[in-house]
Structures are given as C-alpha cells and as structure tokens.
1. With a cut-off of 11 Å, note down the residues of region 13-38 whose backbone N falls inside the zone around a label point 7 Å from the Cα of HIS55 toward its beta carbon.
2. Please compute the Kirkwood hydrodynamic radius of the chain from all pairs of different C-alpha atoms, in Å with one decimal.
3. Contact order normalised by length for the chain, with contacts defined as Cα pairs under 8 Å and 6 or more residues apart; what percent is it?
4. Going by Cα centres, region 37-52 and region 86-142 are how many Å apart?
5. Tell me what the chain gives for mean residue ellipticity at 222 nm when only DSSP H runs of n ≥ 4 count, each as -39,500 (n - 2.57), the sum divided by the residue total, rounded to 500 deg cm²/dmol.
6. Multiplying the sequence separation of ASP7 and ALA35 by 0.36 nm and subtracting their Cα-Cα distance, what value in nm do you get?
7. What distance in nm lies between label points placed 7 Å from Cα along the C-beta direction at GLN105 and ARG21?
8. Of ALA94, ALA72, ALA56, which is the most mobile in a GNM of the chain whose springs link Cα atoms less than 10 angstrom apart?
Amino acid sequence: MPKDYPDHHDAELIIRLYELRREPVLRDARKKVNAWFPKTFDEFMKITKPDHPDHAAFRQVAGYWDMAFNMARHGVIHPEFLMENSAEGLWFFARIERFVEQFRQATNPRAFRNAEWVVGHTEMGKDMMPYYRKRLEAMIAG
C-alpha cells in the first residue's frame with residue numbers, strides 16, 4: 001500500500017538511488033541506453049539479445065528502473081516523491097512502451113509492469129508521459 005506522504009526514509013532511499021545512478025557502470029549504461037531510440041519492435045528486440053553490444057547496458061538500466069518503480073508500487077517508497085526525482089525512468093519507459101505487449105508475448109508476461117504502474121498511478125507519470133510520447137514521436141519522425 002502506497003504511503004500517504006514521504007518521510008526521512010523515503011529521502012534516504014532517494015539518495016541511495018541517486019548514488020547508484022552515479023556508480024560508473026550504471027552511469028555508462030545510462031549514457032548508452034539514453035542514446036538508443038528503437039523505431040521498430042525488431043530494433044527493440046536486438047538490444048535484448050546477449051550478442052548485442054549494448055545488451056548489458058540495457059539490462060542494467062531496465063533492471064535499475066524496475067527496482068526503483070517496484071519500491072513505489074509496493075509502498076516501500078512514496079510514489080510521487082520517487083517520481084519527482086526519477087523522470088529519467090519515465091523517459092526510458094516511453095521509448096519502449098509501444099513494444100511492451102509484443103515483448104511480453106515473446107518473452108516475459110510480467111515485463112515492465114512496475115513502470116506501467118507508475119505511469120498509471122502517479123500524477124507525475126500521468127502528467128509526463130504524454131509529453132514524452134510526443135517528444136519521442138518527433139524524434140523518431142525527424
């Protein structure tokens with residue numbers, strides 16, 4: 001059950017999540033994945049294969065955001081407080097959102113459900129995703 005308001009435990013978790021984002025391996029992974037914009041399901045699937053050069057980076061970033069969003073979904077951290085500090089996770093999800101159902105059918109029926117939860121159950125997710133979707137469409141078209 002989500003918390004009604006953030007407290008110092010939430011702040012400690014946000015700081016710890018920030019420290020993890022600054023860790024060199026995750027920082028490098030985020031740099032690679034933040035430059036990746038799949039246009040088709042096949043392009044998306046390529047990075048999920050172990051022989052893709054950015055496969056490890058993708059898994060690192062996807063796993064990080066899944067972990068963070070899972071904490072919000074299960075009430076470990078205040079969801080809105082997390083999202084105010086985690087817009088990058090929404091931007092990551094925006095780039096793969098349109099492929100999630102196909103990906104689930106092909107691989108894992110539970111994939112990215114924590115990201116979907118924050119998109120649908122937080123004000124930040126509801127407010128920011130239309131902006132990110134529009135931004136993504138423009139980037140892919142241009």
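1. Under 11 Å, as judged by backbone N against the label point of HIS55, lies no residue of region 13-38.
2. Computed over the chain, the radius equals 15.6 Å.
3. That works out to 29 percent.
4. Each part reduced to its Cα centre gives a spacing of 16 Å.
5. Taken over the chain, the calculation gives -22000 deg cm²/dmol.
6. 6.6 nm
7. That separation, rounded to one decimal, is 3.4 nm.
8. Sorting by GNM fluctuation, first place goes to ALA56.
The values are calculated or read from the model by the stated rules, or taken from the named source; none is laboratory data. Bear in mind the structure is a predicted one, so any value in this text is a computation, not a measurement. Heads up, the Cβs are rebuilt from the backbone with ideal geometry, glycines too, and the neighbour counts pull from every protein chain shown. Keep in mind that these areas ignore ligands, DNA and RNA; they rest on the heavy atoms of the full protein, side chains included. Shrake-Rupley method; radii C 1.70, N 1.55, O 1.52, S 1.80 Å.
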